[in-house]
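The values are calculated or read from the model by the stated rules, or taken from the named source; none is laboratory data. In this text, all values refer to a predicted model and were calculated from it rather than measured experimentally. No Cβ is skipped: glycine too gets one built from the backbone with ideal geometry, and neighbour counts run over all protein chains shown.
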Amino acid sequence: MEGKRIWVAGHRGMVGAALVRQLNKTNCDILTVSHKDLDLRDQAATRLWMKNHKPEVVIVAAARVGGIAANSNRPTAFLYDNLMIEANIIECAAQIDVQKLVFLGSTCVYPRDAKQPIREEDLLSGPLEKTNEWYAIAKIAGIKLCQAYRQEFGRDFISLQPTNLYGPGDNYDLETSHVLPALLRKAHEAKINDASVLTVWGTGKPLREFLHVDDLAEAVLFVTQHYSDMMPVNIGSGEEISIADLAKTVCDVVGFKGSLVFNPDRPDGTPRKLADISRLRSIGWNNARSLRTGLQQTYEDFQRNHRDK
Ligand code: GDP
């Protein structure tokens, strides 16, 4: 990475911003472009920008993302925008001879009933979870594009599948966010409003794995430098927790002492989603912080930056 021109596509998002923070610790030339200056869904504009800026390494962190509700309510955005963004960047990266491209997907690309922990080999081995099918299909197409360019044109394009992420810069909007920022905000507001209950969507039984976004960024840069193959690589912490236990831990970190109420009218989504991270460990990265430490740091960040939003 030293001395290279590295484009972080999607640098304003939670993941992109974490990648830029991490890259700032190295001696590379970081390229970014804001959404207002380049719409990545526009193929001609994307090609022109990439030809002019000539990145040597590209990390595709640009995507339309959201939680269980947003995914179900905005199917076209989650499918079309993600397909266009990844297809434009990947195809142009091949045209301009980018040395390495890293495509970021998600563990929700795996079948709903995949054997746990989920191995990379299980991609496309069964039906997807309906609540995030639009996003998953777009991301699967991105993984396949990387494999196709590698197979047909020998391009060093890899794809990584991060588990559920959290950390600075997360989306705290209660309708569109993921569970962890939503619970953090709900617990904070319940505490300051002296409320007696906090409502958790679904039954609280689903199991999820969480990774702090700064750990993800460290892992992505490590894998970028040490891995080159067709097979995607899962990026996770290797630990899972039920949504009910997550809610209890969040309340504990925030200092909310009321009780939890579960709302079964909201969907549970996939019952369990734990990534098998043996491949990541064999490449040499195993450095995730504990969930409690990550939550404490994220709550401090929330109090500094989001309390009035
Ligand atoms: P998923 O991992 O793709 O299913 O996305 P989410 O992070 O949005 O949801 C994970 C799980 O947390 C689901 O079972 C949700 O029903 C549950 N959950 C509990 N409370 C909340 C909440 O306030 N917001 C969200 N987004 N999910 C919640």
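Please go through the range 1-48 and give me each residue that is aliphatic (A, V, I, L, M) and under 18 Å from Cys92 (Cβ atoms), ordered by number.
Once the filter is applied, which keeps residues that are aliphatic (A, V, I, L, M) and under 18 Å from Cys92 (Cβ atoms), the range 1-48 yields Ile6, Val8, Ala9, Leu31, Val33, Leu38, Leu40, Ala44, Ala45, Leu48.
Which one is nearest to the chain's Cα centre (by Cα) among residues in the range 185-219 that are assigned to a helix (DSSP H, G or I) and among the basic types (Lys, Arg)? Quick ask: steps written out before the conclusion?
Pass one, the range 185-219, residues assigned to a helix (DSSP H, G or I): 185-192, 213-219.
When the remaining residues are screened for being among the basic types (Lys, Arg), the result is 185-186, 191.
On the way: Arg185: 20, Lys186: 22, Lys191: 29 Å.
Among those residues, the one meeting the criterion is Arg185.
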If we scan the range 250-270, do we find a residue that is over 26 Å from Ser196 (Cβ atoms) and not hydroxyl-bearing (Ser, Thr, Tyr)? yes
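For the range 73-168, which fully contained strands (runs of 3 or more DSSP E) count at least 1 residues that are buried (at least 19 other Cβ atoms within 10 Å of the Cβ) and over 17 Å from the mean Cα position of the chain (by Cα)? It would help to see each step written out before you state the result.
Details: elements: 100-104, 157-162, 164-166.
By residue number, 100-104, 157-162.
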Report, by residue number, each residue of the range 67-84 that is hydrophobic (A, V, I, L, M, F, W, C) and away from the ligand (no atom under 14 Å from the Cβ). Ala77, Leu79, Leu83, Met84
Kindly list, by first and then second residue, each pair from a residue in the range 103-116 that is over 10 Å from Glu129 (Cβ atoms) and without any contact (Cβ under 8 Å) to a residue 12 or more places away in the chain to a residue that is of a type outside the set (Lys, Arg) and more than 14 Å from the ligand (Cβ to nearest atom), limited to pairs with Cβ atoms under 7 Å and residues at least 6 apart or on different chains. Lys115/Asp122
Name, by its number, the condition in (1) within 22 Å of the chain's Cα centre (by Cα); (2) farther than 24 Å from Leu123 by Cα; (3) within 15 Å of the ligand (Cβ to nearest atom) that does not hold for Gly236. (2)
Of those in the range 151-184 that are of a type in the set (Val, Ile, Thr) and closer than 21 Å to Leu19 by Cβ, the residue farthest from the ligand (Cβ to nearest atom) is Ile158
Please list, ordered by first then second residue, the pairs with beta carbon atoms under 6 Å, 6 or more apart or interchain, first in the range 178-190 and touching a residue at least 60 places away in the same chain (Cβ under 8 Å) and closer than 16 Å to Asp252 by Cβ, second among the β-branched types (Val, Ile, Thr) and more than 7 Å from the ligand (Cβ to nearest atom). Leu183/Val250; Leu184/Val250; Ala187/Val250; Ala187/Val254; His188/Val254
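Considering each of Leu280, Leu291 in turn, give the residue that is within 16 Å of the ligand (Cβ to nearest atom) and among the hydrophobic types (A, V, I, L, M, F, W, C). Break it down into steps so the answer makes sense when it comes.
Working: Leu280 fails: within 16 Å of the ligand (Cβ to nearest atom).
Testing whether each residue is within 16 Å of the ligand (Cβ to nearest atom) and among the hydrophobic types (A, V, I, L, M, F, W, C) leaves just Leu291.
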Checked Gly258, Gly204 against criteria (modelled with pLDDT of 95 or more, under 23 Å from Asn171 (Cβ atoms), in contact with a helix residue (DSSP H, G or I) (Cβ under 7 Å, 6 or more places away or on another chain) and within 16 Å of the ligand (Cβ to nearest atom)); the one match is Gly204
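Among the candidates Ala87, Ala141, Ala93, Ala148, single out the residue that is in contact with a strand residue (DSSP E or B) (Cβ under 7 Å, 6 or more places away or on another chain), away from the ligand (no atom under 16 Å from the Cβ) and closer than 28 Å to Leu48 by Cβ. Talk me through it step by step, then tell me what you get.
On the way: Ala87 fails: in contact with a strand residue (DSSP E or B) (Cβ under 7 Å, 6 or more places away or on another chain); Ala141 fails: in contact with a strand residue (DSSP E or B) (Cβ under 7 Å, 6 or more places away or on another chain); Ala148 fails: in contact with a strand residue (DSSP E or B) (Cβ under 7 Å, 6 or more places away or on another chain).
Result of the check over Ala87, Ala141, Ala93, Ala148: Ala93.
Please note which strands (runs of 3 or more DSSP E) are completely contained in the range 220-309 and include at least 3 residues that are in contact (Cβ under 8 Å) with a residue 12 or more places away in the chain and surrounded by 15 or more Cβ atoms within 10 Å (Cβ to Cβ). Lay out the reasoning, then the answer.
Values: elements: 233-235, 240-242, 259-263.
In the range 220-309, 233-235, 240-242 are the strands (runs of 3 or more DSSP E) which contain 3 or more residues that are in contact (Cβ under 8 Å) with a residue 12 or more places away in the chain and surrounded by 15 or more Cβ atoms within 10 Å (Cβ to Cβ).
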